[in-house]
1. Does any residue in region 12-23 that is on the phi < 0 side of the Ramachandran plot come within less than 8 Å, Cβ to Cβ, of a residue that is loosely packed, with under 15 Cβ neighbours inside 10 Å and part of a helix (DSSP H, G or I) six or more places away or on a different chain, and which pairs are these?
2. Within region 15-40, can you find the residues that are loosely packed, with under 12 Cβ neighbours inside 10 Å and outside any loop (DSSP other than H, G, I, E, B)?
Amino acid sequence: MTRNEGTADRVIRILLGIILLYLATAVLRGTLALIFGIIAVILLITGITGFCLLYKLLGMNTLKKTE
């Protein structure tokens with residue numbers, strides 16, 4: 001797996017993941033909490049690893065050559 005996410009993309013994903021995870025565990029209940037939790041985990045994993053499978057499938061890359 002080669003990285004295909006730039007620094008800004010990764011930071012945004014991690015921050016959104018943290019916010020959604022908080023909402024899923026402390027604020028919401030039921031199906032919506034589960035959905036938010038799943039999305040949060042995906043955002044956190046892709047933000048930490050710097051690799052997004054969807055970007056790969058679509059041929060996208062937000063990684064600058066200098067990163």
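1. Every condition considered, the pairs that remain are Ile14/Ile48; Gly17/Val41; Leu21/Val41.
2. Taking region 15-40 and keeping what is loosely packed, with under 12 Cβ neighbours inside 10 Å, we get 26-27, 29-31.
Ala26, Val27, Gly30, Thr31, listed by residue number.
Just so you know, all these numbers are worked out from the coordinates, no wet-lab data involved. On a predicted model such as this, the values are computed, not experimentally measured, just so you know. Note that each Cβ is placed from the backbone with ideal geometry, even for glycine, and that neighbours are counted across all protein chains shown.
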